[in-house]
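Structure, as structure tokens:
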Amino acid sequence: MIPMAAQAEESGWKPLSQGDSNDWPAWRGPEGIGFSAATNVPTKWSDQENLAWKTSLDGWGDSTPAIVGDHVFVTLQNEANELRLLRLDAKTGQIELNILVDQAETPRTAPKRKSQKFHNLHNMASPSPVVSGNHVVVHFGNGLLATYNLDGEELWRHNLQQEYGTYSIWWGHANSPVVYNGLVISVCMQDSLADLQKEPVKSYLIAHDLKTGEKKWMTMRMTGAPAEEADAYTTPLLLTKDGQVQLVVMGGNTLDAYDPNTGKRLWYLPGLVGGRTVTGPIVAEGKIFTTRGMRKPLLAVTLDGNKGELSEDAIQWTVDKSTPDTPSPVYAGGMLFTVTDDGIAHCYRSTDGELLWRERLGGNFKASPIVAGGNVYFINIDGNCKVVAAKDTFELVSENEVKDTTIASPAVAGGKLFLRGKEHLYCIGK
């Protein structure tokens, strides 16, 4: 058996922690890789068992809740097409603030390749909120980017579609922002329409001052990927080594990294042809693990000394078959865990990609798994969650269910498990 262990330190590259490890301040947690250091996370629950609270949200979205201290922040869109930010009490589930951020209708039809047409499984509330200090950052699929303080006072807002052009991503904007060193960094990766019009639509990264909303830098990201291959729904990943921080982005058939302070591109690995990219990258053992879009190969990319254009030699190993289209991978103890959209879980040895086990979990999956307490939590869209030991042999710890549609990824904070359904937000653990 491969022992459970912390991140390997040999190469030095590791995820940048974004706050207290007991919190879940952003998409995929404090390190952006779906990992919680908590050891007492519940492994058994139902609608009646081990449920601390269940709160009706009166609206839905696929964003993951952000939990910091006693506060839970969640975004939603309701039947009146109001885009709202809620603050709940983490201990009781009581809604303390219900803020109208904006109003917008989700486009379900659109001219082919001219503007975004949202997939039926999500709406304007797919990007996850981010909590940094006394600030809460929200982003919605209509381009609205705004920051509030913890008491719900709006500090600033921008609409990126209005300022930089209509989104042309095919299936609805869903990238979550990240916060670093007082900057809110957002990414937009979309069809350039270069074959249809003289002036191509831009893909870009942009940074705003967290406190004031002032634009600090903007970097174009035109990879040359055609049509839908240019679309990416991924969230940037922050890495650190010896005090150097990099912002890693996957999409548009390219993996690359930027200086988050300036927006300068540091290195790039082109030619990762696949298709629109939904699964986000993670880092462990000095390697980036990511998938090329549209169920194309899973990659392990080495990071040592990377600068400029990288060659294929940077790819340490690949897995060509049965890779996920939507759920992102997770890492634990020298192993990489994935689940395909049709419910087949895999465990790979992270050093060489060797398959250690493969198991059909049942159901369809969109949520990304998380690791907590030595277990991997796989939740399908029907509210069924299988808790599997993070081991090199398959071991089912428990099977649990809530009667709800669960597309948002789980979160862990304060030893509790938070599940966001279409109807309710659940806090598991007493």
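The values are calculated or read from the model by the stated rules, or taken from the named source; none is laboratory data. Because the structure is predicted, anything quoted here is derived from the model rather than measured. A quick note on method: Cβ atoms are made from the backbone with ideal geometry, for glycine too, and the neighbour counts reach across all protein chains shown. Just so you know, the surface numbers come from the protein's heavy atoms only, side chains and all, with ligands and any DNA or RNA stripped out. Shrake-Rupley method; radii C 1.70, N 1.55, O 1.52, S 1.80 Å.
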Residues in the range 298-315 that are exposed (fewer than 15 other Cβ atoms within 10 Å of the Cβ) and under 24 Å from the mean Cα position of the chain (by Cα) total 0
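Among the residues of the range 386-430, how many are of a type in the set (S, T, N, Q) and touching a residue at least 60 places away in the same chain (Cβ under 8 Å)?
4
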Quick check on my filter: what residues within the range 137-155 are under 29 Å from GLY252 (Cβ atoms) and touching a strand residue (DSSP E or B) at 6+ places or on another chain (Cβ under 8 Å)? VAL137, VAL138, HIS139, PHE140, ASN142, GLY143, LEU144, LEU145, ALA146, THR147
Just give me the residues in the range 253-298 being among the charged types (D, E, K, R), in contact with a Ser or Thr (Cβ under 9 Å, 6 or more places away or on another chain) and touching a residue at least 40 places away in the same chain (Cβ under 8 Å), in sequence order. LYS264, ARG265, GLU285, LYS287, ARG295
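Report yes if some residue within the range 406-413 is open to solvent by 50 Å² or more (accessible area, probe 1.4 Å), hydroxyl-bearing (Ser, Thr, Tyr) and assigned to a loop (DSSP other than H, G, I, E, B); otherwise report no.
Pass one, the range 406-413, residues open to solvent by 50 Å² or more (accessible area, probe 1.4 Å): none.
No.
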For the range 242-261, which positions are farther than 22 Å from ASP209 by Cβ and in a loop (DSSP other than H, G, I, E, B)? ASP242, GLY243, GLY252, ASN253
When both residues are 6+ apart or on different chains and their Cβ atoms are under 9 Å apart, which pairs have a first residue that lies in the range 196-209 and is open to solvent by less than 10 Å² (accessible area, probe 1.4 Å) and outside any loop (DSSP other than H, G, I, E, B), and a second that is basic (Lys, Arg) and at pLDDT 95 or above? TYR204/ARG221; LEU205/ARG221; ILE206/LYS215; ILE206/LYS216; ALA207/LYS215; ALA207/LYS216; HIS208/LYS215; HIS208/LYS216
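Mind checking which residues of the range 255-279 are open to solvent by 10 Å² or more (accessible area, probe 1.4 Å) and over 14 Å from CYS188 (Cα atoms)? Before the answer, list the steps.
Step one: list which residues in the range 255-279 are open to solvent by 10 Å² or more (accessible area, probe 1.4 Å), which gives 259, 261-262, 264-266, 268, 270-271, 273-274, 276, 278.
Result: ASP259, ASN261, THR262, LYS264, ARG265, LEU266, TYR268, PRO270, GLY271, VAL273, GLY274.
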Here is a list: LYS391, LYS422. Which entry is open to solvent by 10 Å² or more (accessible area, probe 1.4 Å), within 30 Å of GLN94 (Cα to Cα) and outside any strand (DSSP E or B)? LYS422
Which residues, taken from the range 79-105, are out of contact with any strand residue (DSSP E or B) (no Cβ under 7 Å at 6 or more places or on another chain) and either among the aliphatic types (A, V, I, L, M) or within 28 Å of PRO327 (Cβ to Cβ) (or both)? ALA80
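Do any strands (runs of 3 or more DSSP E) lying entirely in the range 279-371 carry at least 2 residues that are modelled with pLDDT of 95 or more and within 27 Å of ASP404 (Cβ to Cβ), and which ones are they? Reasoning before the result, please.
Working: elements: 282-284, 287-291, 298-302, 315-319, 330-332, 335-339, 344-349, 355-360.
In the range 279-371, 330-332, 335-339, 344-349, 355-360 are the strands (runs of 3 or more DSSP E) which contain 2 or more residues that are modelled with pLDDT of 95 or more and within 27 Å of ASP404 (Cβ to Cβ).
Quick one: would you say GLY243 is over 23 Å from PHE378 (Cβ atoms), in contact with a Lys or Arg (Cβ under 9 Å, 6 or more places away or on another chain) and modelled with pLDDT under 95? If you could, list the steps in order and put the result at the bottom.
Numbers: over 23 Å from PHE378 (Cβ atoms): yes; in contact with a Lys or Arg (Cβ under 9 Å, 6 or more places away or on another chain): no; modelled with pLDDT under 95: yes.
Answer is no for this residue.
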Evaluate the following for LEU121: is it over 22 Å from HIS208 (Cα atoms), open to solvent by 10 Å² or more (accessible area, probe 1.4 Å), of a type outside the set (Gly, Ala, Ser) and in contact with a strand residue (DSSP E or B) (Cβ under 8 Å, 6 or more places away or on another chain)? no
Among the residues of the range 326-345, is any within 25 Å of TRP267 (Cβ to Cβ), touching a Leu at 6+ places or on another chain (Cβ under 6 Å) and among the small types (Gly, Ala, Ser)? no
Is it the case, given these coordinates, that VAL397 is within 19 Å of the chain's Cα centre (by Cα) and of a type in the set (Val, Ile, Thr)? no
Hits in the range 132-158 (condition: open to solvent by 10 Å² or more (accessible area, probe 1.4 Å) and in a strand (DSSP E or B)): SER132, HIS135, ASN149, GLU154, LEU155, TRP156, ARG157, HIS158
Answer from LEU238, LEU205, LEU266 - the residue that is in contact with a Gly (Cβ under 7 Å, 6 or more places away or on another chain), more than 29 Å from LYS117 (Cβ to Cβ) and not aromatic (Phe, Trp, Tyr): LEU238
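Which residues, counting only those in the range 341-363, are surrounded by 20 or more Cβ atoms within 10 Å (Cβ to Cβ), touching a Lys or Arg at 6+ places or on another chain (Cβ under 9 Å) and more than 21 Å from VAL248 (Cα to Cα)? It would help to see each step written out before you state the result.
Step one: list which residues in the range 341-363 are surrounded by 20 or more Cβ atoms within 10 Å (Cβ to Cβ), which gives 345-348, 350, 361.
After this cut, where a residue has to be touching a Lys or Arg at 6+ places or on another chain (Cβ under 9 Å) as well, the list is 345-347, 350, 361.
Hits for the range 341-363 are ALA345, HIS346, CYS347, LEU361.
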Please count how many residues of the range 398-430 are more than 21 Å from ASP341 (Cα to Cα) and aliphatic (A, V, I, L, M). 5
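Can you give me the number of residues within the range 169-189 that are part of a loop (DSSP other than H, G, I, E, B) and more than 20 Å from GLU105 (Cα to Cα)?
Residues meeting the conditions: 3.
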